[in-house]
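Report on the structure given below.
Values in this text are rule-based calculations from the coordinates and carry no lab data. Values in this document were obtained by computation on a predicted structure and should not be read as measured data. Note: ideal-geometry Cβ built from the backbone for every residue, glycine included; neighbour counts use all protein chains shown.
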């Protein structure tokens, strides 16, 4: 039996599949696997954004839901505009979110409009991340990055410096949220109760 929809392909990360028809069993197995492995992130970052510092000075509605795990200040890395410092409004509306079609520096010819990251495996020794590039809301590339947690080094980095810098920021945000959650949980466990 066959059904239209997603199958085991990198398009699953973006929720789009343009290939066509797939066996139902493949779809069910893939969906089950993704539920177990992937924490879904729906936002994407501009692939030309070079994040540098946390943007605590910009008000965000839900900073932990941003593509890189929190808001970031930075500069433009688009060809011909390298080092340009966007305004706080551009940082908030375009750079941190991708699909920056209103940005005058966005190249007309580009390989992707946005990039997303997801942690697919986390242990005490390493993180495995998936990344997906999107162009016109469709997958345009994908890959895997590996990070060694104890040494804070990349075992398998991305060759593009901009994308690698975004991965650094994503991992920094991810790990700081995990530490905060663990600290909060341990505080709750150690609170004495009154009798």
- Item | Residue tally, condition surrounded by fewer than 19 Cβ atoms within 10 Å (Cβ to Cβ) and under 11 Å from the mean Cα position of the chain (by Cα), over region 117-137 | 1
- Note on the structure: Across (1) within 17 Å of residue 166 (Cα to Cα); (2) in a strand (DSSP E or B), residue 111 clears everything bar (2)
- Query: If you check residue 171 against the conditions, is it part of a strand (DSSP E or B) and within 12 Å of the chain's Cα centre (by Cα)?
  - Reply: no
